[in-house]
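Visitor: The structure under discussion is supplied below as structure tokens; questions concerning it will follow.
The values are calculated or read from the model by the stated rules, or taken from the named source; none is laboratory data. Here the structure is a predicted model, which is why all the values come from computation and not from measurement. Cβ: placed from backbone, ideal geometry, glycine included. Neighbour counts: every protein chain shown. Accessible surface areas use protein heavy atoms only, side chains included; no ligands, DNA or RNA. Shrake-Rupley method; radii C 1.70, N 1.55, O 1.52, S 1.80 Å.
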Amino acid sequence: MAAAVTSEEGGNVQVFVDWLEVNGGELRGCTINSSDKGFGIFADVEVSSDEDVLVVVPLELGITPMRVLQEPLLGPECRSMFEQGHVDDRFLIILFLTFERLRPLSSWKPYLDMLPTRFGNPLWFSDDDFLELKGTNLYDATLLQKKKLLSLYHDKVESLLKKLLLLDGCSESIVSFEHFLWANSVFWSRALNLPLPHSFVFPQNQEDVGGCQSTPATDSHQKEIHDKAPATASVGPGDTVWVEGLVPGIDFCNHDLKPVATWEVDGTGSVSKVPFSMYLLSVAQNPIPNKEITISYGNKGNEELLYLYGFVIENNPDDYLMVHYPVEAIPSIPFSDSKGQLLEAQKAELRCLLPKSLLDHGFFPQTTSKVRESDEKGTAARSCNFSWSGQRKIPSYVNKLVFPEDFMTGLRTIAMQEDELYKVSAMLEELVEARPDEQPSETEVRMAVWEACGDSGALQLLVDLLNAKMMKLEENSGSEEQDAGLLDEACVLESHEQPRELEEGKRMMSRNKWSSVVYRRGQKQLTRLFLKEAEHALHLALS
């Protein structure tokens, strides 16, 4: 259900809807209202049962790299940096958002005023809340990302924005890192990968739609289309160019595991009645009045959801665990040069993502997670990589081993003993002698390594990696059971709420802290479950 709207929020919504309509957009059978994640799109009270298209936005209103390169002030500066390879196209959009937010008379103000001023991703956490992530991948990733963003801001953004604002007559606007951080969070939480018609991005003449993608109707400037595709654009099937960008209006749709809508691009106007547009399509039989209309952001685990979007899902069926062997440790292992060459020859991986759904194929199936066809294919493909001589039999547990073969290949090679390394060398030398003009294939090298090593060394290394991961996770925040206890006692306080009287046994917890505990508890749970799988597989391999 929609949340209560303040008079200021209501005014902003009305101004935005008017701005959207002036620029050719339409809301059909839906409204924009407050939700627990900011603004959302909700079905009208009197929604027509035959109205499947709910929102239509002309592609001309999208914020894309091409548009940024057309801007009279930003364009020339960005074009120079872009063509010299100093920045990518995502940076162009982030710079554009920063600049437009600092302009008091920006033609994009109705849209920018609708965007959140703070975010729930770790870049915005207080010091206390951020400490709740210590020991997780997100803690290290956020520290690194903030360092990179600060460097980028001081090296390329700050002086450029001051120069452009001065040229624009906005000398009183104060530029700060937080403005750039805000724009970065807007981009990563709202951008879509847009399949744009080739004729829209590369019009044959300036009369074509998209040939002079004008800024919103409140701006009189007309520009020429940039003659170079953005870095992430790629021409694919159906004469399509993929471009990352923001589409005002569509981007107010929030995520749900059971979405009731999807978005599409309409190049001809055959569905939306608006050529070169993006539209929101209802997939529900009958939208429930006042119910939020949601889309899917994809099968994302809590690590990705929190890092990009600032929220998590309890018991997320798409959760995953990232496990890796540190590359920086390779030079210190015995025979590191030879093992490095073998790793390269096998195209082995030293890191892997372990989706929760893999556990359904293991020794201890988890009935609560989803089984996906892609996971089944990954498991079935493993049996092709075994011994060619028959000296080592295919293990009985092969179809129950949930760990990806590319990762197991890497671990086998790292864990290889001296005598095993000599065996592999001897087998590969035989092949080279028999075929002097041909190098052993990737599959042949993998088969030689497996025949020499088997799985026990790799599985012991994996058990060690998972144990180390669990120790790091628990070092600062305790056990999975302690996290579960915190969540049971939690009464979540949203940032805009005043502290309130609590039930007995309940404790006030900020939304950011709650998200951190949900995420790290999930990581501990997955580490425990995958460790159990690895230990059982090791026991079978040794016996």
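Visitor: On C-alpha positions alone, give me the angle between the axis of helix 158-167 and the longest principal axis of the chain, in degrees, nearest 10.
Guide: It works out to around 20 degrees.
Visitor: Less than 12 Å Cβ to Cβ from Val186, Lys/Arg counted +1 and Asp/Glu -1: what total charge do the surrounding residues give?
Guide: Numbers: positive: Arg90, Arg101, Arg118, Arg190; negative: Glu100, Asp251.
Once positives and negatives cancel, what remains is +2.
Visitor: Quickly rank 429-438, 132-141 as a protection proxy: mean count of other C-beta atoms within 10 Å, highest first.
Guide: Details: 429-438: 9.9, 132-141: 19.8.
Ranked by mean Cβ neighbours within 10 Å, highest first: 132-141, 429-438.
Visitor: Find out how many positive minus negative residues lie around Glu8, taking Lys and Arg as positive, Asp and Glu as negative, among other residues whose Cβ is under 15 Å from that of Glu8. Walk me through the numbers before you get to the answer.
Guide: Numbers: positive: Lys109; negative: Glu9, Asp113.
My count for the surroundings of Glu8 gives -1.
Visitor: Can you tell me what share of the DSSP beta bridges in the chain is antiparallel? A percent to the nearest 5 is fine.
Guide: Numbers: 34 of 39 bridges.
Counting only bridges with both partners in the chain, antiparallel ones make up about 85 percent.
Visitor: Next question, about the same structure. Given R₀ = 41 Å, what would the calculated FRET efficiency be for Leu73 paired with Lys472, taking r from the Cβ atoms and rounding to 0.05?
Guide: Details: r = 48 Å, r/R0 = 1.16.
For R0 = 41 Å, the calculated efficiency reads 0.30.
Visitor: Once amide H atoms are placed 1.01 Å from N in the peptide plane, what residues at a sequence separation of 5 or more from Met278, or on another chain, have their amide H within under 5 Å of its amide H?
Guide: Val57, Leu59, Asp266
Visitor: When only alpha-carbon atoms count, how far does the stretch 65-197 stretch along each of its three principal axes, as whole angstroms with the largest first?
Guide: Projected onto its principal axes, the Cα set of the stretch 65-197 covers 46, 37, 29 Å.
Visitor: Here's a follow-up. Which listed residue (Leu138, Val68, Leu164) has the Cα farthest towards the positive end of the charge dipole for the stretch 65-197, taking +1 on Lys and Arg C-beta and -1 on Asp and Glu C-beta about the Cα centre?
Guide: Value computed over the given set: Val68.
Visitor: With a 10 Å radius around each residue's Cβ, average the other Cβ atoms per peptide and rank 457-463, 10-16, 444-450, highest first.
Guide: 444-450, 457-463, 10-16
Visitor: Follow-up question, since we're still on this one. Of the accessible area of the chain, with the probe set at 1.4 angstrom, what percent is carbon plus sulfur? It would help to have the intermediate numbers written out before the result.
Guide: Numbers: 12980 of 26120 Å².
Carbon-and-sulfur percentage of accessible area, whole number: 50.
Visitor: Over all alpha-carbon pairs in the chain, figure out the percentage whose distance exceeds 42 Å. Don't skip to the answer; put the middle values down first.
Guide: Values: 49436 of 147153 pairs.
When every Cα pair of the chain is considered, 34 percent fall beyond 42 Å.
Visitor: If you don't mind, there's one more thing I want to ask. With every protein chain left in place and a probe of 1.4 Å, what is the accessible surface of Lys300, to the nearest 10 Å²?
Guide: Here the residue's solvent-accessible area equals roughly 40 Å².
Visitor: Sorted by mean Cβ packing within 10 Å, highest first, what order do the peptides 406-413, 153-160 take?
Guide: Numbers: 406-413: 24.1, 153-160: 15.8.
Packing proxy ranking, top to bottom: 406-413, 153-160.
Visitor: Please report the net charge: other residues with Cβ closer than 14 Å to the Cβ of Arg392, K and R +1, D and E -1. Numbers along the way, then the final one.
Guide: Working: positive: Lys393, Arg412, Lys423, Arg446; negative: Glu420, Glu451, Asp455.
Here the count lands on +1.
Visitor: From the protein chains alone at 1.4 Å, what is the descending order of accessible area for Glu292, Glu349, largest first?
Guide: Details: Glu292 40, Glu349 80 Å².
From most exposed to least exposed: Glu349, Glu292.
Visitor: Per the helix-only calculation at 222 nm, which mean residue ellipticity applies to the chain, given -39500 (n - 2.57) for every DSSP H run of n ≥ 4 and division by its residues, nearest 500 deg cm²/dmol?
Guide: Numbers: 18 runs with 222 residues, N = 543.
Value at 222 nm, helices only, nearest 500: -13000 deg cm²/dmol.
Visitor: Follow-up. With the other protein chains left in place, how much accessible area per residue, in square angstrom, belongs to the stretch 273-361 at a 1.4 angstrom probe?
Guide: On a per-residue basis, 47 Å².
Visitor: Counting only the heavy atoms of the protein chains, how much of Trp242 is accessible to a 1.4 Å probe, in Å² to the nearest 10?
Guide: 90
Visitor: Can you tell me how much longer the chain between Gln482 and Lys273 gets when fully stretched, taken as 0.36 nm per residue apart minus their C-alpha distance, in nm with one decimal?
Guide: Numbers: separation 209, 0.36 × 209 = 75.24 nm, distance 5.54 nm.
Full extension of this stretch gives 69.7 nm more.
Visitor: Could you give me D for the stretch 120-190, from Stokes-Einstein at 20 °C and 1.002 mPa s, where the hydrodynamic radius is the Kirkwood radius over C-alpha pairs? Units µm² s⁻¹, please.
Guide: Values: Rh = 13.7 Å.
D, rounded to a whole number, is 157 µm²/s.
Visitor: Additional query: How much solvent-accessible surface does Ser7 expose, in Å² to the nearest 10, with a 1.4 Å probe and all protein chains in place?
Guide: Per-residue accessible area (Ser7): approximately 110 Å².
Visitor: A follow-up question, please. May I ask you to give the solvent-accessible area per residue for the stretch 65-197, in square angstrom, as obtained with a 1.4 angstrom probe? Numbers along the way, then the final one.
Guide: Values: 5670 Å² over 133 residues.
About 43 Å² of surface per residue is accessible.
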